[in-house]
Amino acid sequence: MENKAFGMLGLARRAGKLSLGHDAVKTAVQNGSACLCLLSCDASERLCAEIRRTVEQYGGKAKLLQTDFTMDELGWSTGSKKTAVLTVNDRGFADKITELIWRD
(Lines give C-alpha, C1' and ligand atoms only; values in the text may rest on other atoms or scores of the structure.)
Protein backbone atom coordinates (compact mmCIF):
# COMPACT_ATOMS: atom_id res chain seq x y z
CA MET A 1 0.00 0.00 0.00
CA GLU A 2 2.93 2.34 0.62
CA ASN A 3 3.65 2.66 -3.11
CA LYS A 4 0.07 3.76 -3.78
CA ALA A 5 0.20 6.28 -0.91
CA PHE A 6 3.50 7.59 -2.26
CA GLY A 7 1.95 7.83 -5.71
CA MET A 8 -0.98 9.85 -4.36
CA LEU A 9 1.41 12.17 -2.53
CA GLY A 10 3.26 12.72 -5.80
CA LEU A 11 -0.01 13.49 -7.61
CA ALA A 12 -1.03 15.92 -4.87
CA ARG A 13 2.35 17.64 -5.17
CA ARG A 14 2.03 18.02 -8.93
CA ALA A 15 -1.51 19.38 -8.43
CA GLY A 16 -0.17 21.99 -6.01
CA LYS A 17 -2.13 20.57 -3.07
CA LEU A 18 0.75 19.99 -0.62
CA SER A 19 2.56 22.22 1.85
CA LEU A 20 6.02 20.94 2.74
CA GLY A 21 8.12 21.82 5.74
CA HIS A 22 7.61 23.44 9.11
CA ASP A 23 6.71 27.01 8.11
CA ALA A 24 4.48 26.08 5.17
CA VAL A 25 2.65 23.48 7.27
CA LYS A 26 2.01 25.90 10.12
CA THR A 27 0.68 28.48 7.67
CA ALA A 28 -1.61 25.92 5.96
CA VAL A 29 -3.01 24.74 9.29
CA GLN A 30 -3.48 28.27 10.63
CA ASN A 31 -5.27 29.54 7.52
CA GLY A 32 -7.53 26.47 7.36
CA SER A 33 -6.38 25.06 4.02
CA ALA A 34 -4.87 21.87 5.51
CA CYS A 35 -7.06 18.76 5.45
CA LEU A 36 -4.40 16.24 6.51
CA CYS A 37 -1.09 16.71 8.28
CA LEU A 38 1.50 13.92 8.01
CA LEU A 39 4.51 13.55 10.30
CA SER A 40 7.42 11.25 9.44
CA CYS A 41 8.39 8.52 11.89
CA ASP A 42 11.82 10.12 12.37
CA ALA A 43 10.65 13.70 12.95
CA SER A 44 12.02 15.23 16.14
CA GLU A 45 9.91 15.16 19.29
CA ARG A 46 10.05 18.96 19.41
CA LEU A 47 8.66 19.28 15.88
CA CYS A 48 5.94 16.69 16.55
CA ALA A 49 4.86 18.49 19.72
CA GLU A 50 4.81 21.88 17.99
CA ILE A 51 2.77 20.60 15.04
CA ARG A 52 0.34 18.80 17.38
CA ARG A 53 -0.20 22.04 19.32
CA THR A 54 -0.74 23.97 16.11
CA VAL A 55 -3.27 21.43 14.79
CA GLU A 56 -5.12 21.38 18.13
CA GLN A 57 -5.24 25.17 18.28
CA TYR A 58 -6.03 26.01 14.64
CA GLY A 59 -6.70 22.65 13.01
CA GLY A 60 -10.37 22.86 12.30
CA LYS A 61 -10.75 20.22 9.60
CA ALA A 62 -7.10 19.06 9.65
CA LYS A 63 -6.39 15.49 10.75
CA LEU A 64 -2.93 14.71 12.14
CA LEU A 65 -1.27 11.36 11.38
CA GLN A 66 2.11 10.06 12.52
CA THR A 67 3.22 7.80 9.66
CA ASP A 68 5.67 4.93 9.39
CA PHE A 69 7.38 6.82 6.54
CA THR A 70 10.83 8.32 7.01
CA MET A 71 11.77 11.87 6.05
CA ASP A 72 13.64 10.47 3.05
CA GLU A 73 10.61 8.47 1.88
CA LEU A 74 8.26 11.45 2.19
CA GLY A 75 10.77 13.61 0.36
CA TRP A 76 11.23 11.05 -2.38
CA SER A 77 7.47 10.60 -2.87
CA THR A 78 6.92 14.35 -3.22
CA GLY A 79 9.95 15.02 -5.40
CA SER A 80 11.70 17.13 -2.78
CA LYS A 81 14.48 16.73 -0.26
CA LYS A 82 13.91 15.34 3.22
CA THR A 83 10.50 16.29 4.56
CA ALA A 84 9.55 15.67 8.18
CA VAL A 85 6.08 17.21 7.97
CA LEU A 86 3.62 18.04 5.21
CA THR A 87 -0.02 18.90 4.75
CA VAL A 88 -2.44 17.79 2.08
CA ASN A 89 -4.63 20.76 1.19
CA ASP A 90 -7.40 18.97 -0.69
CA ARG A 91 -10.14 16.83 0.91
CA GLY A 92 -10.19 14.21 -1.89
CA PHE A 93 -6.44 13.65 -1.82
CA ALA A 94 -6.45 13.67 2.00
CA ASP A 95 -9.19 11.02 2.24
CA LYS A 96 -7.54 8.74 -0.32
CA ILE A 97 -4.08 9.05 1.24
CA THR A 98 -5.51 8.33 4.70
CA GLU A 99 -7.30 5.27 3.33
CA LEU A 100 -4.14 3.98 1.65
CA ILE A 101 -1.94 4.53 4.71
CA TRP A 102 -4.30 2.79 7.16
CA ARG A 103 -5.53 0.02 4.86
CA ASP A 104 -2.82 -2.44 5.98
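The values are calculated or read from the model by the stated rules, or taken from the named source; none is laboratory data. Just so it is clear, the structure is predicted and the values come from calculations on it, not from any experiment. Virtual Cβ from ideal backbone geometry, glycine too; neighbours counted across all protein chains shown. For accessibility, only protein heavy atoms count, side chains too; no ligands or nucleic acids. Shrake-Rupley method; radii C 1.70, N 1.55, O 1.52, S 1.80 Å.
Data for the structure
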quantity	calculated
Two-site label geometry, THR70 and GLN30: point separation in nm, points 7 Å out along Cα→Cβ	3.2
Accessible area (Å², per residue) of the chain, counting only protein heavy atoms and a probe of 1.4 Å	53
Reachable lysines from LYS4, criterion Cα separation under 21 angstrom, eight or more residues apart if same chain	LYS17, LYS63, LYS81, LYS82, LYS96
Of all accessible heavy-atom area on the chain, the percent that carbon and sulfur account for (1.4 Å)	49
Alpha-carbon centroids, region 68-104 and region 1-49: separation in whole Å	6
In nm, spacing of pseudo-spin labels at ASN3 and ARG46 (7 Å Cα→C-beta vector)	3.9
